[in-house]
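Chemist: The structure's right below; bear with me while I get my questions together.
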Amino acid sequence: MTTRIIATGAYAPGQVITNDDMAKVVDTSDEWITQRTGIKERHISSGENTSVLAVNTARQLLCKAGKKAEDIDLIIIASVTADYGTPSLGCMVQKEIGASNAVAFDITAACSGFMFALSIADKYIKTGIYNNAIVIGAETLSKIVDWSDRSTCVLFGDGAGGAYVEKSQTDGIIEEEIGSKGELYDILTEGHTECKNVFNDKKEEPDPLWYVNMNGREVFKFATKSVVKSVERVLKNAGVTADEIKFVVPHQANTRIVDVISNKLGIPHEKFYMNIDRYGNTSSASIPIALNELNEKGLIERGDKVILTGFGGGMTWGTMLVSW
Amino acid sequence: MVFEKIREIIAEQTGKDEEEITLDTNVKDDLDADSLDLFQIINDIEDEFDISVEDPEAIVTVKDIVDFVESHKN
């Protein structure tokens, strides 16, 4: 018995911001951004918060899977940009779609978040506790980037993507691994909140660590090494060769990082499904947004072997080999 | 030997001919390498010589890399 992705969905805010638009906000250019990242444009919220993106994705999933909200057992949302500290995005989605019989919660694993959430859903299903789940990655990164820092603000976008999964006796998740390397936690951070209260004397200054901060060189090194090793282990453990893979859906962080991963794995670039040019880096939403596009275009058929792989803050990584 | 290996790594990453790369070559300016190219060159050099480069900003010329590797490798 395993867990199978039955339907995919995605939703992004309507407002599209091009590299030329970015050049009006910070000192940058289309050429600079394109050459170093592969990004041409990104969706940026006009006010819709993360829950709105997640709810729209969840509605699509119910519709495409032909399921009633009351039939959903489990809702897991991965995000680093939830509307609130509490409630979770999961509970907000539960209310809006009317999934009154589900249990809902959020998890945080940054850009690997969707992989972690899918892994958790898979365990609940494999242990027989639940039969199905809605798993979503949703982010409005526009609210936590420093719009005066040209080295980071050009990289990110807003969006959500997800999957409806259920128990399967045939195809589905074949092999997976998730991992973390906390010793590197400070090379990629966002959303730091200081401990301020009336009984200490912390100054009322804006906290620069609220925004996305990253050590580009260390993140590049981690990303290129961790993903390659992770995909190699998953393939080896499954006894599947790289040739048998129809598509790899990588976290859309940077085209250049994915190029290095492709070269090192010896899996041709054409097999890496990319849409970073239109979305930028949407953190936990990037893999399901790309997977949904791949699925909607009809580029994968049932039974095809697909790899989903992500890496991100924590530092964390996660890879899954699925028989679609 | 160190120089030859470093030259090979840089040539592969930047797509340049090995003959173009000398000790005086400025990696960014002379080879049109951007920061991500440099990251990858340093990654490959770290793996090849089993060393760790803490300050990539200090690397400007090929000679800087050769000197660093020769003073840090076992």
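Here, each number is a calculation from the coordinates, and none is a lab measurement. Not measured: the values here are computed from a predicted model. In this analysis, Cβ positions are derived from the backbone assuming ideal geometry, glycine residues included, and neighbour counts consider all displayed protein chains.
Chemist: What longest range of chain A stays clear of loop-exposed GluC sites (Glu not before Pro) (DSSP non-H/G/I/E/B, at most 16 other C-beta within 10 angstrom)? Show your work: numbers first, answer last.
Modeler: Values: sites that count: A:194, A:204, A:301.
Longest site-free region, per DSSP loop and neighbour criteria: A:1-193.
Chemist: Taking Rh as the Kirkwood radius computed over C-alpha pairs, what is the Stokes-Einstein D of segment A:82-144 at 10 °C in a medium of viscosity 1.306 mPa s, expressed in µm² per second? Please list the in-between numbers first.
Modeler: Values: Rh = 12.7 Å.
Translational D for this selection: 125 µm²/s.
Chemist: Please arrange A:63, A:111, A:195, A:91 by counting, for each residue, the other beta carbons lying within 10 Å of its beta carbon, fewest first. Don't skip to the end; give the middle numbers.
Modeler: Details: A:63 12, A:111 32, A:195 6, A:91 19.
Fewest to most other Cβ atoms nearby, the residues stand as A:195, A:63, A:91, A:111.
Chemist: With 10 angstrom as the radius, rank A:192, A:251 by how many other C-beta atoms surround their C-beta, starting from the fewest. Numbers along the way, then the final one.
Modeler: Working: A:192 11, A:251 33.
Listing A:192, A:251 from fewest to most nearby Cβ atoms yields A:192, A:251.
Chemist: Translational D (Stokes-Einstein, µm²/s) of segment A:202-324 at 25 °C and 0.890 mPa s when Rh comes from the Kirkwood sum over C-alpha pairs? Could you put the intermediate results ahead of the total?
Modeler: Details: Rh = 15.4 Å.
Rounded to a whole number, D works out at 160 µm²/s.
Chemist: Moving on to the next point. Quick one, what does Rg over Rh come out to for the protein assembly as shown if you take C-alpha atoms and the Kirkwood Rh?
Modeler: Expressed as Rg/Rh, it is 1.00.
Chemist: Further, regarding this structure: Please tell me the relative contact order of chain A in percent, rounded to the nearest whole number, where contacts are Cα pairs under 8 Å and at least six residues apart.
Modeler: Working: 784 pairs, mean separation 84.2, N = 324.
Once normalised by length, the contact order is 26 percent.
Chemist: Same structure again: Filter the trypsin sites (Lys or Arg not before Pro) in segment A:67-160 down to the DSSP loop ones having no more than 14 other Cβ atoms within 10 Å, then list what survives. Intermediate values should be presented prior to the final figure.
Modeler: On the way: sites: A:67, A:68, A:95, A:123, A:126, A:143, A:150; in loops: A:67, A:68.
Those satisfying the criteria are A:68.
Chemist: Using Cα-Cα distances under 8 Å and only pairs 6 or more residues apart, what relative contact order does segment B:2-72 have, in percent?
Modeler: Across segment B:2-72, relative contact order equals 37 percent.
Chemist: Could you tell me what percent of the DSSP beta bridges with both partners in segment A:174-323 are antiparallel, to the nearest 5?
Modeler: Values: 16 of 22 bridges.
For segment A:174-323, the DSSP antiparallel bridge percentage is about 75.
Chemist: Let me ask something else about it. Treating the beta-carbon of each Lys and Arg as +1 and of each Asp and Glu as -1, no other charges, what is the dipole magnitude of segment A:2-169 about its Cα centre, to the nearest 20 debye? Could the numbers behind the result be given before it?
Modeler: Values: 15 positive and 19 negative charges, 132 e Å.
Roughly 640 debye, rounded to the nearest 20.
Chemist: Find the relative contact order for segment A:174-323 and round it to a whole percent, using C-alpha pairs within less than 8 Å whose residues are 6+ positions apart. Mind dumping the intermediate values first?
Modeler: Working: 230 pairs, mean separation 54.6, N = 150.
Reported as a whole number, the value is 36 percent.
Chemist: I need B:59, B:41 ordered by Cβ neighbour count within 10 Å, fewest first.
Modeler: On the way: B:59 19, B:41 24.
In increasing order of surrounding Cβ atoms, one gets B:59, B:41.
Chemist: Sum up the lysine pairs in segment A:2-169 that clear both bars: alpha-carbon distance under 29 Å and a spacing of 8 or more or different chains.
Modeler: 21
Chemist: Rounded if a/c is under 1.5, else prolate if a/b beats b/c, else oblate: with a ≥ b ≥ c from the C-alpha gyration tensor eigenvalues square-rooted, which is segment B:2-72?
Modeler: Values: a/c = 1.44, a/b = 1.29, b/c = 1.11.
It comes out rounded by the Cα gyration axes.
Chemist: Another question, if that's okay. Compute, for the protein assembly as shown, the length of the dipole vector about the Cα centre, with Cβ point charges of +1 (Lys, Arg) and -1 (Asp, Glu) only. Units Debye, rounded to 20. Mind dumping the intermediate values first?
Modeler: Values: 39 positive and 66 negative charges, 451 e Å.
Approximately 2160 debye in magnitude.
Chemist: Then there's this: Within 10 Å of each Cβ in peptide B:32-41, how many partner chain Cβ atoms are there on average? Round it to a whole number, please. Mind dumping the intermediate values first?
Modeler: On the way: counts 0, 0, 4, 5, 12, 2, 2, 10, 8, 0.
Per residue, the number of nearby Cβ atoms from other chains is 4 on average.
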